[in-house]
Amino acid sequence: MTIEVCTIGGFSKTEGNSVAIKVDDEVVLLDMGLSMENYIKHQEDREDVRVEKTYSKLIKVDAVPNYDLIKDWKNKVVAIAPSHAHLDHVGAIPFAASLFPKAKVISTPYTIEILNSILRDEKIHLPNQLITVKLNGSYKVSEKITLEFVEMTHSIPHTATIVVHTPYGKIMYANDFKLDYTPIIGKPPNMTRLKELGEEGVDIMFIDCLYADTHIHTPSETVAKQLLKDVMLGIDATGKAMIVTTFSSQISRLKSIIEMGQKLNRKIVFLGRSLSKYVSAAERINLVHFSEDVKMYSRRDEVEKSLHKIQKEGPDKYLIVCTGHQGEPRAILSRIVRGEIDYKLKDGDIVIFSCRVIPVETNIKNRAKLDSDLKKKGVRLFKDVHVSGHGALEDHRELLECVKPKLFVPIHAAPEKARMLIDFAKGLGFKGKGMVDGGRFVVK
C-alpha cells in the first residue's frame, strides 16, 4: 500500500503545471496548466483562452502537459484539482480533462467559475463533473482520498493550498503561494490550519520556487495599492489621457485602480475580452461588484465605439483600463498604438503598467516593441507599478517552518531555481528533492 508521484509538468520549466498522485489504484491530478509561452502566440493575451486547438495539436507544440507520462495510470484518474484559476494551472482542462472522462474537476468557487466561463464562451462540453468546494473546505473523492483546500493568498482570488489526505500520509501542494497578511480582497493565508496539518505530519510538500533566487519577503498587495496611489494621484494628469494595464485576473489590483479612478473623478472603462471574463466571473459569485462603477466592453465593435466616444468627449475625463500588459500584439493597448483603433495617444499622455514583464522571449520582445512605440508618441511611461503574487525566500522559510514537511519538492520553475531552494532549506534542516518533468518516486 503506497503513494506514488509523477511530476508531469512545472519542474523542467515554469509553466504547464501538473502533478499526479497515485494512491493504490486511484490517481488525483493536481493542476492541469498550459505552457503559455507556446500557447500565447494564438491568443489576445496571456489570460484568455480562445479554443482554436485540440489536445493532440497542442501537445505537439508542448503547450499542454504530456499525459502519456501516466499512460499506465490513465484509467485510474478519479479527480482533477486545480489550485487556482491562472491558466498555467487550469488552462489545459478544456483540452485535456476529457482524456480522463470519469474524473471529477474539483476546486474553489472562483476557479470553477472561470472554468465554466471558458467552457460556456467557447462552447466546449466536457464529460467531467465540475464540483465547487469552499475555501478551507474538503471533498471526499473516495474511501482513500480526501482533498482539502486551505486558503492561501496569491494574485488571483480563491487560491488554495491543496492537501491530499490518504491512509498512508498527507501530500501538500503549495503551488502558487504568497504570504500576504493584509490582502485587499479575502482573508490572509490560513496559517493556523497549515500549522495543524504540519503537526499531524506532512509527508511531501510541493512548493512554488519561482523566486527562490530572491532574498526578500514578497510585499503585500496593499503595497501595490500605495504604488498606484503615488503614480495615479501623485502626478499632474490635467488634460491628459490615463491608461492602466494589468493582469486581468488580478481582481485586487483592479479594485485599487478603480478606487484611484474615482478619486481622480474620472469615468472608468474596462476594455478587453479577458478583463470582462475575469471580472464577470468574480461578480457572478458576489466577490466584487465592479460594474456598479465601471463600464466594461469586450467585443471589438464595443471597444472601438467606446474609444471613439472617449476621444470625442475628452480622454482626460476617463480612466482606461485595458488588456496588453505584456505587449500582446492583438491586445487593446497594442492596437491603439498601431493606429488600428480610432483613438490617438498624444504627447504627455500617461500609460501605467501595473505588472512586470514575464521573462520569456515572446513577452520580452513584445513589450520592448510596445514600449518603444509608446515613447515615440511622447507618452509618459510608468512601468513595474507592481508587487508579485509569488513568495520569495523568506516566505519559503516561513512556510517550511510552519508545515515542517518530511520532504519538499520545488515546482513552478526550472531546476536551477529548485536547487537554490533546496540549498537554502538544507541550512534550515529541511530535505528537498529536485525533480524534472516525467519523473516518478514512491512516498515512503
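Coordinate-derived values only; no laboratory data. It should be emphasised that the depicted structure is a prediction, and the values quoted were computed from it without experimental measurement. Ideal geometry is used to build each Cβ from the backbone, glycine not excepted, and the neighbour counts take in all protein chains shown.
Numerical summary
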item	result
21 Å Cα-Cα reach of Lys344 towards lysines, excluding residues that sit fewer than 8 places from it in its own chain	Lys240, Lys267, Lys295, Lys305, Lys309, Lys312, Lys317, Lys369, Lys375, Lys376, Lys377, Lys383
Proximal aspartates and glutamates to Lys57, defined as alpha-carbon separation beneath 17 angstrom and excluding residues fewer than eight positions away on the same chain	Glu37, Asp68
Likely footprinting exposure, Tyr55, Tyr181, Tyr39, Tyr168, fewest C-beta neighbours within 10 Å first	Tyr181, Tyr168, Tyr55, Tyr39
Segment 72-194 - Rg and Dmax from Cα coordinates, angstrom	14.5, 45
FRET E, pair Ser138, Glu361, Förster distance 35 Å, beta-carbon r, rounded to 0.05	0.25
Asp236-Val442 pseudo-label distance in nm [points 7 Å out on the Cα-to-Cβ vector]	7.4 nm
Relative packing of peptides 187-194, 7-14, 71-78 - highest average C-beta neighbours within 10 Å first	7-14, 187-194, 71-78
Spacing of the two label points (7 Å from each Cα toward its C-beta) at Asp72 and Asp342, in nm	6.4 nm
Selection of GluC sites (Glu not before Pro), segment 68-169, meeting DSSP coil and at most 12 other Cβ within 10 Å	Glu122, Glu143
Rh by Kirkwood over Cα pairs, then Stokes-Einstein D for segment 221-382 at 1.002 mPa s and 20 °C, µm²/s	136 µm²/s
Two-decimal Rg/Rh across the chain, once Rg and the Kirkwood Rh are taken from alpha-carbon atoms	0.98
Protection proxy ranking of 362-373, 195-206 - average other beta-carbon atoms within 10 Å, highest first	195-206, 362-373
Nearest-ten-degree value, helix 361-376 long axis tilted from longest Cα axis of the chain	10 degrees
Equivalent-ellipsoid semi-axes of segment 274-333, from the Cα gyration tensor, Å, largest first	21, 16, 10
The chain: antiparallel DSSP beta bridges as a percent of all, rounded to 5	45 percent
Distance-filtered residues of segment 171-214 - backbone nitrogen under 12 Å, label point 7 angstrom along Glu398 Cα→Cβ	178-183, 188-192
Charge context of Met232, other residues only, Cβ under 13 angstrom, K/R +1, D/E -1	+4
Fewest-first ranking of Ser155, Ser98, using other Cβ atoms within 10 Å as the exposure measure	Ser98, Ser155
Distance between segment 103-121 and segment 423-443 - C-alpha centres, whole angstrom	31 Å
